[in-house]
1. Considering only region 34-66, state which residues are over 14 Å from the mean Cα position of the chain (by Cα), within 22 Å of ASP6 (Cβ to Cβ) and not basic (Lys, Arg).
2. Check every one of the strands (runs of 3 or more DSSP E) wholly within region 1-66 and list those with 3 or more residues that are out of contact with any Leu (no Cβ under 9 Å at 6 or more places or on another chain) and open to solvent by less than 80 Å² (accessible area, probe 1.4 Å).
3. How many of the residues making up region 7-39 are in contact with a strand residue (DSSP E or B) (Cβ under 9 Å, 6 or more places away or on another chain), more than 23 Å from LEU60 (Cβ to Cβ) and among the acidic types (Asp, Glu)?
4. Of all residues being among the aromatic types (Phe, Trp, Tyr) and within 19 Å of LEU44 (Cβ to Cβ) in region 1-26, which is nearest to the chain's Cα centre (by Cα)? Just the residue, please.
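The values are calculated or read from the model by the stated rules, or taken from the named source; none is laboratory data. Bear in mind the structure is a predicted one, so any value in this text is a computation, not a measurement. No Cβ is skipped: glycine too gets one built from the backbone with ideal geometry, and neighbour counts run over all protein chains shown. Calculation scope for accessible area: heavy atoms of the full protein, side chains included, ligands and nucleic acids excluded. Shrake-Rupley method; radii C 1.70, N 1.55, O 1.52, S 1.80 Å.
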Amino acid sequence: MIFNIDHIGDNLGKYEPFDDTIEIFLGTIWYHSQRENIISEDLLIHKIIDVIIHEYYHYLIDPHLEDPEDVDDHKIYKYLY
């Protein structure tokens, strides 16, 4: 698992099936937490944990999908929480 503090974009994390890595974008999570006025350290930690769990589900499930790019993953993964 890679924790990237520099990247700020739309995605909070990503699973890369080609090299089997999970990258968590801490800079983006921090940026979004500031926009959403999350000032509690506990809430920020829970947000990071939620992103890790979501990306871990990608790691577990994506290899079993025929073409993960054709599937709206958030319709699938939101039911796993």
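1. Result: GLN34, GLU36, ILE38, GLU41.
2. Details: elements: 2-4, 13-16, 21-25.
Hits in region 1-66: 13-16, 21-25.
3. Residues meeting the conditions: 0.
4. Initially, region 1-26 is screened for residues among the aromatic types (Phe, Trp, Tyr), giving 3, 15, 18, 25.
Those still in the list that are within 19 Å of LEU44 (Cβ to Cβ) too: 3, 25.
On the way: PHE3: 11, PHE25: 8 Å.
Filtering region 1-26 for residues that are among the aromatic types (Phe, Trp, Tyr) and within 19 Å of LEU44 (Cβ to Cβ), the one nearest to the chain's Cα centre (by Cα) comes out as PHE25.
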